[in-house]
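Any read-out appearing in this document is the output of simple, stated calculations on the displayed coordinates, not a laboratory observation. Just so we're clear, the structure is a prediction, and the values are computed from it rather than from any experiment. Neighbour counts run over all protein chains shown; Cβ positions are idealised from the backbone, glycine included.
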Amino acid sequence: MTETLASPIKIAPEPSGFGAQITGLDLSRPLSPETLKAVKAAWARHGVVAFPDQPLSLEALEAFTLQIGPFGVDPFIKPMEGHPNVLELRREPDEKATNFGAGWHSDWSFQKEPPAATLLRSEVTPPVGGDTLFADCARAYDALSDTMKAVLEPLRAVHSASRAYGTQGVFAKETSKRTMEIIVSAEADKTLSHPLVRTHPVTGRKALFVSPVYTVGIEGMTLKESQAILGFLFAHMTQDEFVYRHKWRQGMLLMWDNRCTVHFAEGGYDGHLRVMHRTTVAGEVPV
């Protein structure tokens with residue numbers, strides 16, 4: 001059902017309530033306090049919100065991001081020249097390297113204060129492929145038995161960027177040409193822990209806060225014990241019933257909540273140029 005607010009914007013949620021499309025606003029101009037409040041509420045409620053037909057300059061993308069909150073810190077990827085808070089996710093038609101983001105993850109969950117939001121705008125949209133899949137980690141948590149919830153409640157998951165950006169990670173071993181400049185670093189090999197079950201600071205809902213890309217273990221458990229629990233959770237949370245498949249259109253902006261979702265970038269557009277511009281909004285220490 002489409003929700004019409006006092007202002008002219010309209011919010012059309014997905015049938016599950018996870019994911020929504022917001023129309024009737026121009027993000028190239030500052031939003032009124034009322035409209036901004038409605039946008040933030042929709043983002044918190046639906047986890048992923050899409051804004052179609054937003055022909056934004058980089059400066060306008062930066063300005064809208066700052067309306068949501070201060071910029072987050074984006075490590076291990078060289079930002080755009082003159083725009084230190086914007087990453088260009090570019091893949092040329094002749095590239096053979098795996099598409100960026102091809103693994104379930106919550107952005108930068110290995111940070112002490114992972115980003116609350118990621119904003120991604122489609123600048124050049126290929127005619128095929130390139131869908132982004134999102135999993136609702138709050139509904140996935142709700143679907144667990146009370147017994148499993150009690151087991152998970154006190155646990156702390158160990159996060160690290162080592163598998164991707166570490167000295168022995170995927171990008172360190174990559175041999176195919178890649179347009180994006182990845183920065184392999186020993187910093188990525190560090191670890192820190194967060195609650196395995198995270199409470200959302202706005203909605204109060206609990207969600208699983210783990211991912212196959214960045215979660216490498218569970219505090220106080222052996223590797224095999226951790227793998228048993230995490231393997232079950234990864235399979236559980238990415239079941240079709242919890243997943244929203246987002247199909248991109250030219251000039252569309254997407255904003256998602258890293259505190260209660262994980263996402264996966266599909267390929268399928270070999271031979272076509274794809275260009276996306278990305279920013280993040282600073283978050284808080286997970287609790």
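Observations on the structure shown:
- Computed Rg/Rh of the range 67-176, alpha carbon atoms with Kirkwood Rh: 1.00
- Electrostatic tally near S193: other residues with Cβ closer than 13 Å to its Cβ, Lys and Arg +1, Asp and Glu -1, net +3.
- Remark: the range 276-283, residue by residue, has Karplus-estimated 3J(HN,Hα) of 10, 10, 10, 10, 10, 10, 4, x Hz, where x stands for each Gly or Pro and the curve is 6.51 cos²θ - 1.76 cosθ + 1.60 at θ = phi - 60°.
- A cut-off under 9 angstrom between Cβ atoms defines the neighbours of L89, and their net charge, with Lys, Arg +1 and Asp, Glu -1, is +3.
- Selected from A157, N85, H236, residue furthest toward positive end of dipole (the range 3-281; charges at beta carbon): A157
- Hits among aspartates and glutamates - C-alpha to C-alpha of K40 under 18 Å, sequence gap 8 or more where chains match: E3, E14, D26, E62, D136, D257, E284
- When every Cα-Cα distance of the chain is counted in 10 angstrom steps from zero, the calculated P(r) takes the values 6, 28, 37, 22, 6, 0 percent.
- Distances between placed amide hydrogens fall under 5 Å for H159 paired with L192, S193, H194, V216, all partners being 5 or more residues away or on another chain.
- Couplings 3J(HN,Hα) of the range 168-184, computed from phi: 10, x, 4, 6, 5, 9, 5, 10, 6, 5, 9, 5, 5, 8, 8, 10, 6 Hz, in residue order, whole Hz [Karplus 6.51 cos²θ - 1.76 cosθ + 1.60, θ = phi - 60°; x for Gly and Pro].
- For the pair the range 140-186 and the range 228-278, the centres of their Cα atoms are 15 angstrom apart.
- The range 155-282 shape via C-alpha gyration tensor axes, a/c threshold 1.5: oblate
- Computed from backbone phi with θ = phi - 60° and the Karplus coefficients 6.51, -1.76 and 1.60, the 3J(HN,Hα) list for the range 42-58 is 5, 4, 5, 6, 9, x, 9, 10, 10, 10, x, 6, 10, x, 8, 6, 4 Hz; x is used for glycine and proline.
- Each Lys and Arg Cβ is given +1 and each Asp and Glu Cβ -1; about its Cα centre, the chain then shows a dipole of about 220 debye.
- When only Cα pairs below 8 angstrom with a gap of at least 6 residues are kept, the range 43-188 shows a relative contact order of 29 percent.
- Residue order, fewest to most surrounding Cβ atoms within 10 angstrom, among S28, S109: S28, S109
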